Amino acid sequence: MKRLYGALHRLQGGLLAAAMLLMAATTILNVFARNVLGDTLAATEELNRFLIVLVCFVGLSYAAGEGRHIRMTALSDALPRAARRWLQAIVCVTTSALLLVFAYYAASYALDVDRRSPVMGVPLRWVYLIAPAGLFLGSLEYALAAVSNMRGPDVYLSFERSDGYEALDSGLEGALEREQGA
Amino acid sequence: MASLALTLGIVLVVLLLLGFPMKVPLLGAALLAVLLFEPFRYSSPEVLVQQWITGIQPAALIAVPMFMLAAEIMTRGQAADRLLDVVTSFVGHRRGGLPITAAVSCTLFGAISGSTQATVVAVGGPLRPRLVRAGYPDSFAMALIINASDIALLIPPSIGMIVYGVVSGTSIGELFLAGIGPGLLVLVLICVYCHIASVRLGVPPLPRASRSQRRQALKRALLPAGFPVIVVGGIYSGVFSPTEAAAVSVLYAAVLEFIAFRKLRPRDLFAIARSTALVTAVVFVLVGAGQAFSWVVSYAELPRLLVENVFGLNEGSSQLRVLLSIALATFVGCMFVDPIVVILILTPIFAPAAASAGIDPVLVGTVVTMQVAIGSATPPFGCDIFTAIAIFRRPYWEVIRGTPPFLAILLLSSLLVILVPEIALFLRDLAFR
């Protein structure tokens, strides 16, 4: 189970990195095309649109796995750890449910799209189906994070990552030592 | 209609305070509105997904991940350190030299990166230990870094300005140029305060760098200094669009770090791309969810209701009054939510009022970006504070204790920009009018 999860997480990371590099390459290529060849490559702009959909929705799930989505913790930080853990479990369950609902709507939206992209002629349905896939995986991530929080003992931001304030308290001393050591 | 506005507001605030990831309050409130409220009788929830997907696709938004990628390459490589060294060697020996170095570094790093949070990490990481060792209180050091990072959002490139430009249909190139004046104004005021503070604290300056050390540092910083030339020069002269400038920045950063400095190896590229994609996803999820929420707000025609009843604006309101209302709303918004979300939601709300008062949209964008930057460094919940807590590993109260004087400086500078719009528009007019 853990191995399957790890493999899926790494696969998403690889997909994201590849999409980002491809996006950079096409954008740079397009600058070259416009300024040197005097013509923009319409296909690169279209490809970038697809890639940003991929990065957004696959990244949603990947970032959930890394516990990196932006949230505001001023109030929950003030709670004792046990309460924080249960609050976090509730947050994760609710988030998971909401993403599942959105995955359903996204699938229904994507399946309804019956157009092809204007330049490359790709059926947009296949591009937009990335959205429900990413939302569904994201929903799974939060469900797993909820399980981790119910099990304890730490407060978990995701399946495998605890929020770790306590563990890393003396950041400055560490940084000073590293500087002096270097 | 008022009950819809109230419901949206309550759902948003309660879920935020409970510590939900920021997309949840936005999507949850939007979904609730579409399912339960009268104006959406004929809409199905699929429209929210459609808004999300179209919201992240404008071509100009590609500049955001590109600038992030360039900044990530430079931060992992040597360019950022080299810039820091050259500033230290020139101003380190003055009164308040080290904090001034930090402020100037934030400005220079802002010319590479478009986000305040990246700047907190890149400049704060190396400079906070140095400041503390030199004798500055830790809370002063942290407040300085958090607040000086605001400058990075004003100096082009700026992610806030890209998003504002896309949402409002304003030229991003013009916005970039208009940010330079206010950014430098904030820098000067912060430097003056640093000088006064270091005299009051009695912190001795650093030893003076020798002429050969300076020449050495200058030589090493020459190549990294090419960034402002590409971004500002390219846009000013009209050679590049902002997106193209972003792409060229990536290429330039890669050539510097992988070939010229040989600091990074090809295998680092994968990790850099992955972590940039992660940050991009976090931003674009907010852009998409923010767009869905914003659609709900506009579709139910809430903007007029809010602008008229909450801010008391109407057809005859003066430009100053409208600008001050916009500034106040964005500032307060950013004390609670991520800047991108604030820009996405508030821009369409205020656009009609700003247009009917005849205010230059570039000026509005500059004021909004400025307030967004300041708000995100302001307690209680400005997001830069949480970035600082995460990377400095210090408790909340210690991080915010030193912020009041900086906040005063920043609010003073935004007042100046509102009263004297030429500070922002001068450079834009020089290039485009």
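The values are calculated or read from the model by the stated rules, or taken from the named source; none is laboratory data. Quick caveat: nothing in here was measured; it's all calculated off a predicted structure. For neighbour counting, all protein chains shown are included, and Cβ atoms are generated from backbone atoms with ideal geometry for every residue, glycine included. Keep in mind that these areas ignore ligands, DNA and RNA; they rest on the heavy atoms of the full protein, side chains included. Shrake-Rupley method; radii C 1.70, N 1.55, O 1.52, S 1.80 Å.
Let a ≥ b ≥ c be the square roots of the eigenvalues of the Cα gyration tensor of the stretch B:104-251; is it rounded (a/c under 1.5), or, if not, prolate (a/b larger than b/c) or oblate?
Cα axes put the stretch B:104-251 in the prolate bin.
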Item to check | Equivalent ellipsoid dimensions for the stretch B:187-316 as semi-axes, Å, which come from the Cα gyration tensor, largest first | outcome: 41, 29, 17
Checklist entry - What is the P(r) of the stretch B:291-364, as percent of Cα-Cα pairs per 10 Å bin from 0? => result 19, 56, 25, 0
Checklist outcome for this item: Karplus ³J(HN,Hα) for the stretch B:281-287 (6.51 cos²θ - 1.76 cosθ + 1.60, θ = phi - 60°; Hz, whole; x = Gly/Pro) runs 4, 4, 5, 6, 4, 5, 4
Checklist outcome for this item: Note: B:281-293 gets an average of partner chain Cβ contacts (10 Å, Cβ to Cβ) equal to 5
Checklist outcome for this item: If one builds a Gaussian network model of chain A from Cα atoms under 10 Å apart, the most fluctuating residue listed among A:11, A:47, A:37 is A:37
Next on the checklist: Give me a comma-separated list of calculated 3J(HN,Hα) values for the stretch B:96-111, in order, Karplus coefficients 6.51, -1.76, 1.60 applied at θ = phi - 60°, integers in Hz, x for any Gly or Pro.
Outcome noted: x, x, 5, x, 5, 4, 4, 5, 5, 4, 4, 5, 5, 5, x, 6
Checklist entry - What's the center-to-center distance, using Cα atoms, between the stretch B:390-429 and the stretch A:32-46 in Å? => result 40
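Please give the average number of partner chain Cβ atoms lying within 10 Å of the Cβ of each residue in B:23-33, rounded to a whole number.
Taking all residues of B:23-33 together, the mean is 3.
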Checklist entry - If amide H atoms are built 1.01 Å from N in the plane of the peptide, which residues on other chains or at least 5 residues away come under 5 Å of the amide H of residue A:162? => result A:157
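Past the 25 angstrom mark, what percentage of all C-alpha to C-alpha distances in chain A do you count?
51
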Item to check | For the pair B and A, total buried accessible area rounded to nearest 100 Å², probe 1.4 Å | outcome: 5800
Item to check | Quarter of Cα convex hull surface for the stretch B:138-199, i.e. mean projection, nm² | outcome: 4.5
Item to check | Calculated FRET value between residue A:150 and residue A:77, using beta carbons and R₀ = 22 Å, to 0.05 | outcome: 0.65
Item to check | In order through the stretch B:188-203: 3J(HN,Hα) via Karplus (6.51 cos²θ - 1.76 cosθ + 1.60), integer Hz, x for Gly, Pro | outcome: 4, 5, 5, 4, 4, 4, 4, 4, 4, 4, 6, 5, 5, 7, x, 7
Checklist outcome for this item: Over chain B, the quotient of the Cα radius of gyration and 2.2 N^0.38 Å is 0.98
Checklist outcome for this item: In nm, the gap between the two label points placed 7 Å beyond Cα toward Cβ at residue B:309 and residue B:416 is 3.9
Next on the checklist: Given a Förster distance of 25 Å, report the FRET efficiency between residue B:407 and residue B:262 from their Cβ-Cβ distance, rounded to the nearest 0.05.
Outcome noted: 0.05
Checklist outcome for this item: Averaged over all viewing directions, the convex hull of the alpha carbons in the stretch A:5-87 casts a projected area in nm² of 7.8
Checklist entry - Classify the stretch B:375-421: rounded, prolate or oblate, from the alpha-carbon gyration tensor (a ≥ b ≥ c, eigenvalue square roots; a/c under 1.5 rounded; otherwise prolate if a/b is larger than b/c)? => result prolate
Checklist entry - Which of B:144, B:185, B:222 moves the most in a Gaussian network model of chain B with Cα springs under 10 Å? => result B:222
Checklist outcome for this item: Output ordering of A:133-139, B:277-283, A:108-114 (per-residue mean of other Cβ within 10 Å, highest first) is B:277-283, A:133-139, A:108-114
Next on the checklist: At 1.4 Å probe size, with the rest of the protein present, what percent of the exposed accessible area of chain A is carbon and sulfur atoms?
Outcome noted: 63
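Inside 10 Å of the C-beta atoms of B:189-197, what's the mean count of C-beta atoms belonging to other chains?
The shielding value for this peptide is 0.
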Next on the checklist: How large is log10 of I(q)/I(0) for the protein assembly as shown at q = 0.07, 0.11, 0.12 Å⁻¹ when the intensity is taken from the Debye formula with one equal scatterer per alpha-carbon?
Outcome noted: -0.41, -1.10, -1.33
Checklist entry - Given a Förster distance of 30 angstrom, what is the FRET efficiency for residue B:133 paired with residue B:397, based on the Cβ-Cβ distance and rounded to 0.05? => result 0.85
Checklist entry - Shape call for the stretch B:227-303 from the C-alpha gyration tensor, a ≥ b ≥ c root eigenvalues: rounded (a/c under 1.5), prolate (a/b greater than b/c) or oblate? => result oblate
Item to check | Among A:105, A:156, A:142, residue whose mean-square fluctuation peaks in a GNM of chain A (springs only between Cα atoms under 10 Å) | outcome: A:105
Checklist entry - For the stretch B:329-410, what ratio Rg/Rh do Cα atoms give with a Kirkwood hydrodynamic radius? => result 1.07
Checklist entry - Mean residue ellipticity at 222 nm from the helices of chain B, using -39,500 (n - 2.57) per DSSP H segment of n ≥ 4 over the full residue count, to the nearest 500 deg cm²/dmol? => result -23500 deg cm²/dmol
Checklist outcome for this item: Extend 7 Å from the Cα of residue A:90 along its Cα-to-C-beta direction; within the stretch B:1-23, residues with backbone N under 14 Å of that point are B:14-20
Checklist entry - Using only helices, what value at 222 nm comes out for chain A when you add -39,500 (n - 2.57) per DSSP H run of length 4 or more and divide by the total residues, to the nearest 500 deg cm²/dmol? => result -24000 deg cm²/dmol
Item to check | Per residue solvent-accessible surface (Å²) - the stretch B:213-270, probe of 1.4 Å | outcome: 55
Checklist entry - With labels modelled as points extended 7 Å from the Cα through the Cβ direction, what inter-label distance (nm, one decimal) is found for residue B:328 paired with residue B:213? => result 5.1
